[in-house]
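Remarks on the structure that follows.
Read-outs throughout are calculated quantities, based only on the coordinates presented, and are distinct from any laboratory measurement. What you are looking at is a predicted structure, and each value in this text was computed from that prediction instead of being measured. Please note: Cβ atoms are built from the backbone with ideal geometry, for glycine as well, and neighbour counts cover all protein chains shown.
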Amino acid sequence: MGTIYKRGKTYWIQYYRNGKPYRETTKSKKEADAKRLLKKREGEISEGKLPGIYFDRVKFDELAEGFLRDYRINERKSLDRAERSTGHLKRYFEGYRVPDINSPKIEDYIETRLEEGAANATINRELSALKRMLNIGARQTPPKVDRVPYIPMLKENNIRKGFFEHAEFLALRDELPDYLKGFVTFAYKTGWRMSEITDLTWNQVDLDNGIVRLEPGETKNDDGRTVYLDEELQGVFNGQWEARKKSRKLTPYVFPNMDGTGLISDFRGSWQTACTDANIGKKLFHDFRRTAVRNMVRAGIPEAVAMKISGHKTRSVFDRYNIVNDADLQLAAQKQAVYLQTQKDTISSTVHDFNEKANV
């Protein structure tokens, strides 16, 4: 049986679960409030639940650490993004108790981030991180979260649609420093992610047979990948190998930095200058990924094969990158006009044949 008692002017309650006593302040001077809270706690215990005071002791910071620990233990490749999302969440929810993280507070957080100018997609990544924190806490033994609140997500309409026309790519490549020319050529043709190309080493290349491989676990989606080099890329890789031997700097990377001593890291200055000098406007390196997908599909390469080359695992993301531009729409109109004209000619021929037979 639970009891109610006072400390000073504030009412406290005491109750038991599995023989263990729990004492909890009601933060109220009214006995009726104490009776309601005691009844609530006894109801939770009778249903086999942990009393709410247990969850009151768990704070956001503990959930955030559990979330990041899960990323570290499972060696997730997006740990950096998880840490950024956690940082933004921490600015708002630091010190919050689990029961206080509810839908209204989450909506306040969304409004705060929108006022700060954060994009919908960025906020959604942060909300997804918060939801995972709560779910991890709820799955603990004993649980640290008694319920996961409803978390509204924002509509995302900020998908970039940038890509390179072939002439733009050639103009950009001409303006880039020599050590980046082969690097961007490989990106333009394969659609590989920047980190996959910068991290590419010679032990992943079969130069004699013109094959480049990423083993399972070396890609973002953990799937392996194989690319056969065409004549131009074969020339690029042969050139990189000869330059490596000539420099006598035995770096393992296929596309090393300007000094030939390690990874390509920050080349934003060279990139922006080249975009300006090539007069192609503002472009992103990631535009190569979209461009490669579009070019492979336009070239008649089966979509399943194109996805294997670019490393897209889900069809929805692949479709998002398979950009349609004005030239595609114009070509579609021309093809439709030709088709309809063919149908018109077929009908005219059929009518003509019918009339001839009728006259006979």
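Descriptive notes on the structure:
- The simple spin-label model puts a point 7 Å past each Cα toward its Cβ; for Ala304 and Lys131 those points are separated by 3.2 nm.
- Label-zone membership for segment 179-218, site Lys249, 7 angstrom Cα→C-beta point, backbone N under 15 Å: 179-181
- Separation in nanometres of the label points that stand 7 Å from Cα toward Cβ, at Ser195 and Asn74: 1.6
- Computed with the Debye formula from one identical point scatterer per Cα of segment 225-284, without solvent, the log10 of I(q)/I(0) at q = 0.19, 0.28 Å⁻¹ comes to -0.91, -1.01.
- Centroid-to-centroid, using Cα positions, segment 240-298 and segment 1-38 are 67 Å apart.
- The Rg/Rh ratio for segment 166-321, using Cα coordinates for both the radius of gyration and the Kirkwood hydrodynamic radius, is 0.95.
- The C-alpha atoms of segment 91-182 occupy a region whose extents along the principal axes are 60, 31, 21 Å, arranged from largest to smallest.
- Over segment 60-138, volume per residue of the alpha carbon convex hull, in Å³: 81
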